[in-house]
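First up is the structure itself, then whatever we jot down about it.
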Amino acid sequence: MSMDNKISRRDALKRMGAAVVSGAVASSGLLSLASCEAKKSKRIIFYFTGTGNSLYIARQLAEENTELLSIPQMVKQGKYEFEADEIGIVYPIYGHMPPNMVRRFIQKANLKADYLFAVLTYGNRKCNAVEIWDEVSRQAGKRFDYIGTIIMVDNWLPNFDMNEQMKIDKHIPENLQKITADINGGQHWHEPVTEEERQQHQGFMQRSGLDPEVGFLIKSEKSFTVTDACIDCGICTYVCPRGNYELTSRGAKMSGDCEFCFACIQNCPQKAIQFRKSEDGSFPDGTEKNPNARYRNEHISLMDLKLANNQKL
Ligand SMILES: Cc1cc2nc3c(=O)[nH]c(=O)nc-3n(C[C@H](O)[C@H](O)[C@H](O)COP(=O)(O)O)c2cc1C
Ligand code: SF4
Ligand code: SF4
């Protein structure tokens with residue numbers, strides 16, 4: 001044995017001690033458990049989506065220990081009791097308000113968590129959407145610690161051409177990075193709202209005649225019609241979060257209360273679903289910017305939307 005390999009008895013005992021301690025910790029699993037538990041808190045993220053933007057954002061906010069839950073599926077299964085360290089919700093704003101199903105869900109759900117956050121997706125003008133959610137959720141007995149918004153493609157077909165919308169750079173990665181850092185850092189913050197934005201929302205409510213306690217909830221048979229281009233593919237029957245569509249011997253037919261999420265009209269491969277013109281010109285009057293342009297978020301597949309919204313299976 002060369003002198004280089006010699007170690008003192010004291011050093012040898014020290015090394016043995018270290019090996020014994022680390023061996024004991026490793027075999028008991030204490031080390032791995034301690035380090036995992038330090039960083040892994042359980043997060044639940046609920047989402048509602050018509051064209052995939054909100055599902056995409058929900059996925060981006062998901063961490064290793066996150067459960068992503070579709071609100072239409074929770075409603076279908078009658079599940080309203082949830083517990084986690086952090087609970088979030090991601091939804092598209094409709095007239096600056098939450099979709100009707102999201103509103104009803106938050107009113108009914110019992111959410112036990114130390115931190116509640118909401119991220120609202122929108123396309124052009126958010127107005128006072130943050131304050132509206134704060135009020136709706138407070139009335140439901142919940143106080144959200146964080147409420148922020150993120151601008152995406154605007155899927156509101158009456159005013160926007162989807163082909164044009166998809167060309168606009170809305171700086172989604174940069175905006176998402178800030179929101180992710182805020183939420184992971186447990187920020188308590190509500191995005192500020194201006195007086196002008198509150199006024200704009202009031203103007204919209206007067207023009208639209210929508211009930212502020214309900215938001216968008218319109219009869220689907222009054223809003224849409226199916227043309228002869230329908231090939232009975234059944235996609236509309238799966239992507240509707242209200243289960244409003246049926247296939248009949250004369251093509252697809254819809255009836256029932258409608259969220260106006262546009263999952264059906266945007267995802268019909270034949271563009272066979274069209275807006276029905278309102279007889280008295282009342283809102284929404286049935287006009288649309290470009291009936292030949294349709295949209296689904298580029299990161300979200302048709303199967304993702306079916307799994308999120310399907311009410312039939
Ligand atoms: C019925 C309806 C109303 C909408 N109202 C607004 C609005 O008031 N302001 C806005 O900026 N975007 C509005 N949008 C656009 C959506 O909020 C936006 O495109 C959202 O990201 C769509 O999310 P999703 O793909 O998850 O369905 C509306 C869309 C629909 C279908
Ligand atoms: S998605 Fe379009 S083509 Fe397919 S069944 Fe529905 S209306 Fe017909
Ligand atoms: S009928 Fe169309 S717009 Fe209405 S809830 Fe169903 S998928 Fe959404």
*asked:* Which pairs turn up if I take residues in segment 289-302 that are under 19 Å from Gly123 (Cα atoms) and at pLDDT 95 or above and look for partners that are hydroxyl-bearing (Ser, Thr, Tyr) and within 16 Å of ligand 2 (Cβ to nearest atom) with beta carbon separation below 7 Å, at least 6 apart in sequence or on another chain?
replied: Tyr295/Thr51; Arg296/Thr51; Asn297/Thr51
*Sort out which residues of segment 113-137 are touching a strand residue (DSSP E or B) at 6+ places or on another chain (Cβ under 7 Å) and either among the hydrophobic types (A, V, I, L, M, F, W, C) or more than 24 Å from Ile44 (Cβ to Cβ) (or both), and write them in order of number.*
Ala113, Leu116, Phe117, Ala118, Val119, Leu120, Gly123, Lys126, Ala129, Val130, Ile132, Trp133
*Just one of Cys258, Cys264 is within 17 Å of Cys230 (Cα to Cα) and modelled with pLDDT of 95 or more; which is it?*
Cys264
*Within segment 46-57, is there a residue that is away from ligand 1 (no atom under 16 Å from the Cβ), of a type in the set (Phe, Trp, Tyr), within 19 Å of Asp134 (Cβ to Cβ) and part of a strand (DSSP E or B)?*
no
*Please give the number of the condition Ile183 fails out of (1) among the aliphatic types (A, V, I, L, M); (2) farther than 30 Å from Gln270 by Cβ; (3) away from ligand 1 (no atom under 14 Å from the Cβ); (4) not in a helix (DSSP H, G or I).*
(4)
*Which fully enclosed helices (runs of 4 or more DSSP H) of segment 228-313 have 1 or more residues being within 16 Å of ligand 1 (Cβ to nearest atom) and over 23 Å from the mean Cα position of the chain (by Cα)?*
none
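Name the one entry in Leu210, Leu247 that is more than 16 Å from ligand 2 (Cβ to nearest atom), touching a helix residue (DSSP H, G or I) at 6+ places or on another chain (Cβ under 9 Å) and modelled with pLDDT of 95 or more.
Unique residue meeting the criteria: Leu210.
Rundown of residues vs (1) surrounded by 21 or more Cβ atoms within 10 Å (Cβ to Cβ); (2) over 29 Å from Arg104 (Cα atoms); (3) assigned by TED's automatic domain parsing to the domain that holds Ile57, yes/no style:
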site: Thr225; (1), (2), (3): no, no, no
site: Pro241; (1), (2), (3): yes, no, no
site: Leu247; (1), (2), (3): no, no, no
site: Arg250; (1), (2), (3): no, yes, no
site: Gly256; (1), (2), (3): no, no, no
site: Lys271; (1), (2), (3): no, yes, no
site: Arg276; (1), (2), (3): no, no, no
site: Lys289; (1), (2), (3): no, yes, no
*Among the residues of segment 107-123, is any assigned to a strand (DSSP E or B), surrounded by 18 or more Cβ atoms within 10 Å (Cβ to Cβ) and β-branched (Val, Ile, Thr)?*
yes
*asked:* With crowded, with 22+ Cβ neighbours inside 10 Å and either over 21 Å from Gly123 (Cα atoms) or within 13 Å of ligand 3 (Cβ to nearest atom) (or both) as the only criterion, which of Cys264, Cys233 stands out?
replied: Cys264
*Across segment 150-171, which residue is farthest from Ser223 (Cα to Cα) among those that are surrounded by fewer than 18 Cβ atoms within 10 Å (Cβ to Cβ) and β-branched (Val, Ile, Thr)?*
Ile168
_Which numbered condition Thr225 misses (of (1) outside any helix (DSSP H, G or I); (2) in contact (Cβ under 8 Å) with a residue 60 or more places away in the chain)_ = (2)
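Looking at segment 266-301, which of the residues that are of a type in the set (Asp, Glu) and out of contact with any Phe, Trp or Tyr (no Cβ under 6 Å at 6 or more places or on another chain) is nearest to ligand 2 (Cβ to nearest atom)?
We begin by selecting, within segment 266-301, every residue of a type in the set (Asp, Glu); these are 279-280, 285, 288, 298.
Those left that are additionally out of contact with any Phe, Trp or Tyr (no Cβ under 6 Å at 6 or more places or on another chain): 279-280, 285, 298.
On the way: Glu279: 23, Asp280: 26, Asp285: 22, Glu298: 20 Å.
In this case the residue turns out to be Glu298.
The values are calculated or read from the model by the stated rules, or taken from the named source; none is laboratory data. Bear in mind that the values here come from a model prediction, so they are computed numbers and not experimental data. Cβ coordinates were reconstructed from backbone atoms using ideal geometry, including for glycine residues, and neighbour counts include every protein chain displayed.
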